[in-house]
Amino acid sequence: MPQLTIENLSLGYEGQVILSDVNFSVSAGDYLCIVGENGSGKSTLMKTILGLQKQIDGSITFGDGLSANEIGYLPQQTAAQKDFPATVWEIVLSGCQARAGLRPFYSRAEKQLAKENMEKMGITQFAGRCYRALSGGQQQRVLLARALCATRKILLLDEPVSGLDPKVTQEMYQLIEELNHKEHVTIIMISHDISAAVRYASHILHVGHEMFFGPTAEYIRSAAARRFLGTEGGEDA
Amino acid sequence: MNVFQQLQMYLAMPFVQYALIVGTLIALCSSLLGVTLVLKRFSFIGDGLSHVAFGAMAIAGVLRLTNEMLFVLPVTVLCAVLLLRTGQNAKIKGDAAIAMISVGALAIGYMLLNLFPTSSNVSSDVCTSLFGSTSILTLTQLEVWLCIGLSVAVVVIFLLFYNKIFAVTFDEDFARAAGVKAEAYNLLIAVVVAVIIVLAMNLVGSLLISALIIFPAVSAMRLFRSFKGVTVCSAILSVSCALIGMLVSILGSTPVGSTIVAVDIAAFLVFSLLARLGVNRRKA
Ligand SMILES: Nc1ncnc2c1ncn2[C@@H]1O[C@H](COP(=O)(O)OP(=O)(O)OP(=O)(O)O)[C@@H](O)[C@H]1O
Ligand SMILES: [Mg+2]
């Protein structure tokens, strides 16, 4: 049974449809990349899955022991946090908030979890540093560690490598792949980096005028990919 | 009589003691949510609500209620909830709704005060409500206890929900995605802000409330880089500024509210200067 099933989903803002008839499913351990042009509705789709944005039609079903509040999310561009006074430790720990429920303070186990995730992301030495004084790549690691505190099952990442230099981008991809392989965390990632998407993902969802959903190998052969990639990514025939 | 003897004489008076206790508590409360208000773009709500509180005060005056706070408090809390709702509903833009309610309340309040004057000197009445002039010194016994009770409640709620307020303020989308009931906490924040505003009205009057809430937080943000550091610093700063302001105003017979705000501004300038000099670079 899939962890997440999307059927005939229509989404948009204030009744205005941006995407309709979205169908796909994600099973435990999958690595799904969502690709498509700017403004095609990728972020909106992710927000709709997360329940941050009301869907217009269709259904979103969680299964396989996953409930709607066990999702780790890494938002695209965090503008409000530009001036926010907060240390790395405070931010990572806040990922445990959903676990804490109504309890006012974090338990020892939650603090331990936050420590472990900081270790995993290699940001332990920044614990006391101010978030806004970190580089873009370091900030993304902090947000990833926080997302890991919220879930062990599934991560939704909205352009996690945008604005990072090639080396840091590579490291970020490696981290995400490790989570997927070693810890069996399901990954749903929005990306404009089509070559990386094709390389790492097990499945591709292409949104836009032409929709595609299926295993990566099939995507490379599809018409949608050929048009999107030009000649470069299609079969070099 | 020198300054100290004068001060001693004043401090022996019960109403001055009450004023100092209540003023300190109010200053403490109002600083706590400053960071949240500034960063969550709620500062507009704060501003709007203070005008609502002014309008409600005018109505309470017209109705000749003996205890105005008991009327002003529920009205302001109700408006806080309504404003939050309209802010989320995109039909009328949140900011416009707030501007409409706040300016409307201000106009109606002023009109009511003129139509049904409770004393011969309307403009001094208005001045009192807008700038607080001496209201902290003229609190009734009941109001003193009400202020103390509400302040303690605000502090306790803040401590209990500190981590949740942080999570929702820093990244509401993430918190909601992870299953945190962000709407409920937003509502809680709005209600607490309304309570703080009604309290602060006694200390500085409705026009200066925003200053009391925002200055300590913004000053603390100049020097401190952690949420905890900023919160603790702005609480200490706000209490110190309020105490200094109240004492200066008693000795110099200046208006309480504007004196406190003047001290807050001075503190802000000092903190900005320290930040310029690079004091913050070493602090987390
Ligand atoms: N809050 C909003 N209200 C109304 N329309 C919106 C809102 N946010 C986005 N849109 C519109 O919805 C469409 C899809 O936006 P979305 O952010 O989902 O695109 P995207 O695929 O994530 O693009 P990008 O690759 O640039 O991140 C765009 O046309 C955008 O203008
Ligand atoms: Mg996007």
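The values are calculated or read from the model by the stated rules, or taken from the named source; none is laboratory data. What you are looking at is a predicted structure, and each value in this text was computed from that prediction instead of being measured. When we count neighbours, we look across all protein chains shown, and the Cβ atoms used for this are built from the backbone with ideal geometry, even at glycine. The accessibility values were calculated without ligands, DNA or RNA, using every heavy atom of the protein model including side chains. Shrake-Rupley method; radii C 1.70, N 1.55, O 1.52, S 1.80 Å.
Values computed for the structure shown
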read-out: Selection status of A:Y219, more than 16 Å from ligand 2 (Cβ to nearest atom), among the aromatic types (F, W, Y), more than 14 Å from every other protein chain (Cβ to nearest Cβ) and surrounded by fewer than 21 Cβ atoms within 10 Å (Cβ to Cβ); value: no
read-out: Whichever residue in region A:6-44 is charged (D, E, K, R) and away from ligand 2 (no atom under 16 Å from the Cβ) and, among such residues, is least open to solvent (accessible area, probe 1.4 Å); value: A:D30
read-out: Helices (runs of 4 or more DSSP H) contained entirely in region A:41-126, each with at least 3 residues that are within 16 Å of ligand 1 (Cβ to nearest atom); value: A:42-50
read-out: Unique match (being more than 21 Å from A:N69 (Cα to Cα) and either touching a residue at least 12 places away in the same chain (Cβ under 8 Å) or away from ligand 1 (no atom under 15 Å from the Cβ) (or both)) among A:L157, A:L179, A:L164, A:L148; value: A:L164
read-out: Flag if A:L50 is open to solvent by less than 10 Å² (accessible area, probe 1.4 Å) and either assigned by TED's automatic domain parsing to the domain that holds A:E177 or touching a His at 6+ places or on another chain (Cβ under 6 Å) (or both); value: no
read-out: Residues satisfying the stated conditions in region A:121-134, i.e. away from chain B (no Cβ under 14 Å) and either open to solvent by less than 60 Å² (accessible area, probe 1.4 Å) or touching a residue at least 40 places away in the same chain (Cβ under 8 Å) (or both); value: A:M121, A:G122, A:I123
read-out: Where A:M211 falls short, out of the listed (1) open to solvent by 20 Å² or more (accessible area, probe 1.4 Å); (2) farther than 16 Å from A:S40 by Cβ; value: (2)
read-out: Residues (open to solvent by 10 Å² or more (accessible area, probe 1.4 Å) and closer than 17 Å to B:A175 by Cβ) located in region A:135-147; value: none
read-out: Residues satisfying the stated conditions in region A:135-172, i.e. more than 16 Å from ligand 2 (Cβ to nearest atom), in a helix (DSSP H, G or I) and within 14 Å of another protein chain (Cβ to nearest Cβ); value: A:Q139, A:V142, A:L144, A:A145, A:R146, A:A147, A:L148, A:C149, A:A150
